[in-house]
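Beneath this line is the structure, given in structure tokens, with notes to follow.
The values are calculated or read from the model by the stated rules, or taken from the named source; none is laboratory data. Here the structure is a predicted model, which is why all the values come from computation and not from measurement. Quick reminder, even Gly has a Cβ in these numbers, built from the backbone with ideal geometry, and neighbours come from all protein chains shown. When the accessible area is computed, the model is the full protein with side chains, heavy atoms only, and any ligands, DNA or RNA have been set aside. Shrake-Rupley method; radii C 1.70, N 1.55, O 1.52, S 1.80 Å.
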Amino acid sequence: MQYLQFEKRYSQYTIRSYSDDLEAFAAFVRDEYGGMAMDVIGPMVVRSWLAALKDGGLSSRSVNRKISSLRSFFKYLLRTGVVGQSPMQAIVGPRSGKRLPVFVEEGDMAELFGEARFPDDWGGRTDRLLLALLYHTGMRLSELINLRESQVDSGNRTIKVLGKGNKERVIPVGAALMKMVEEYKKEKRVCMESPDLEYLLVSLKGKKLYAKYVYRAVKGWLAQVTTIDQKSPHVLRHTFATHLMNAGAELNSVKELLGHASLAATQVYTHNTIEKLKEIYKKAHPKA
């Protein structure tokens, strides 16, 4: 875990997931085999754990994540000389069907921001700004709540975001969003006695926002304009990327804006674009 934190510089959420997966595997080995040394664990032991997970109703996607955790762990053990070979070389994960990212339609987003629906109080201003930041920048929930005032460059109209693995990326934003941010910062200093001036978004008590608040706000406001099942901060990240792709943005540029490590993660948004083109073709082409 220290290696993941200090050398790989993974986020606390990723580290927690890896830790949970490894502890679950260790418990399985103890319960089923009475425990065994690392260099004795072979592919059959790993396969029996994976089979138990599938029998327990775990999705292929979740099983593949656990395989990834074990693969990373045994790679580390190989590097440090604890094992001579990794049992993961013989492990193939289950195939999982690709799920298209859920997103909010452009008209629904325009409706959300177009009407004066947000109350003229601190809660309303905070909700409006957090929704605008998520949609206009595509940042992750953790990036949003940890966004510092110092990361906002109003002169250049950019926001510096600290993403996964502590990687920085700079996102350009429009004049309207930057004006909203500057007004929020000004009102924070006027309306509150001793607000948190390090982090941009704060609660009614002037404290840094927490994840549950953002989830609740996003779910509540999206419910007013869309009927999609998923209404979360990550859906607005999908919406940001999908709307850019639909407008003809280059895939590599969207990858950089999202902070993805590889193009493979971004390519899923091309599927939404293709589906949209098919829909347009069906409606518009005389031979469709």
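Given a Förster radius of 41 Å and the C-beta distance between GLU182 and ARG216 as r, what FRET efficiency does 1/(1 + (r/R0)^6) yield to the nearest 0.05?
Efficiency, rounded to the nearest 0.05: 0.95.
You can think of it this way: the chain between TYR76 and LEU22 has 18.1 nm of extra reach, that is 0.36 nm per residue less the Cα-Cα gap. Calculated accessible area for region 117-230 comes out at 53 Å² per residue, all protein chains present (probe 1.4 Å; ligands, DNA, RNA ignored). Karplus-derived 3J(HN,Hα) values for region 139-145, using 6.51 cos²θ - 1.76 cosθ + 1.60 with θ = phi - 60°, are 6, 6, 4, 5, 5, 5, 6 Hz; glycine and proline are entered as x.
If r is the Cβ-Cβ distance from ASN156 to SER68 and R0 is 51 Å, what FRET efficiency results, to the nearest 0.05? Result of the calculation: an efficiency of 0.85. For LEU263 and ASP120, the FRET efficiency from 1/(1 + (r/R0)^6), where r spans their Cβ atoms and R0 equals 30 Å, is about 0.10.
Each residue of region 76-89 was assigned a 3J(HN,Hα) from its phi angle through the Karplus expression (A = 6.51, B = -1.76, C = 1.60, θ = phi - 60°), giving 5, 5, 5, 4, 8, x, 6, 10, x, 8, 8, x, 6, 4 Hz with x at Gly and Pro. Carbon-plus-sulfur accessible fraction, the chain (probe radius 1.4 Å, protein heavy atoms only): 51%. Let me make sure I get this right: for region 189-278, a, b and c are the square roots of the gyration tensor eigenvalues over alpha carbons, sorted descending. Under 1.5 in a/c it's rounded, otherwise prolate if a/b > b/c, else oblate. Which is it? The shape class here is prolate. Rounded to the nearest 20, the Cβ-based charge dipole of the chain about its Cα centre (Lys and Arg +1, Asp and Glu -1) stands at 520 debye. Under 5 Å from the amide H of TYR199 lie the amide H atoms of GLU149, each residue being 5 or more positions distant or on a separate chain, with H modelled from the backbone and absent for Pro and chain starts. Cα centroid separation, region 21-51 to region 172-204: 51 Å. Remark on VAL104: its backbone amide H falls under 5 Å from those of THR239, a criterion applied only to residues 5 or more positions apart or on other chains, H modelled at 1.01 Å from N. Dimensions of the chain based on its C-alpha atoms, expressed as ranges along the principal axes with the largest first, amount to 65, 64, 33 Å. Peptides 150-156, 222-228, ordered by how many other C-beta atoms sit within 10 Å of their residues on average, highest first, read 222-228, 150-156.
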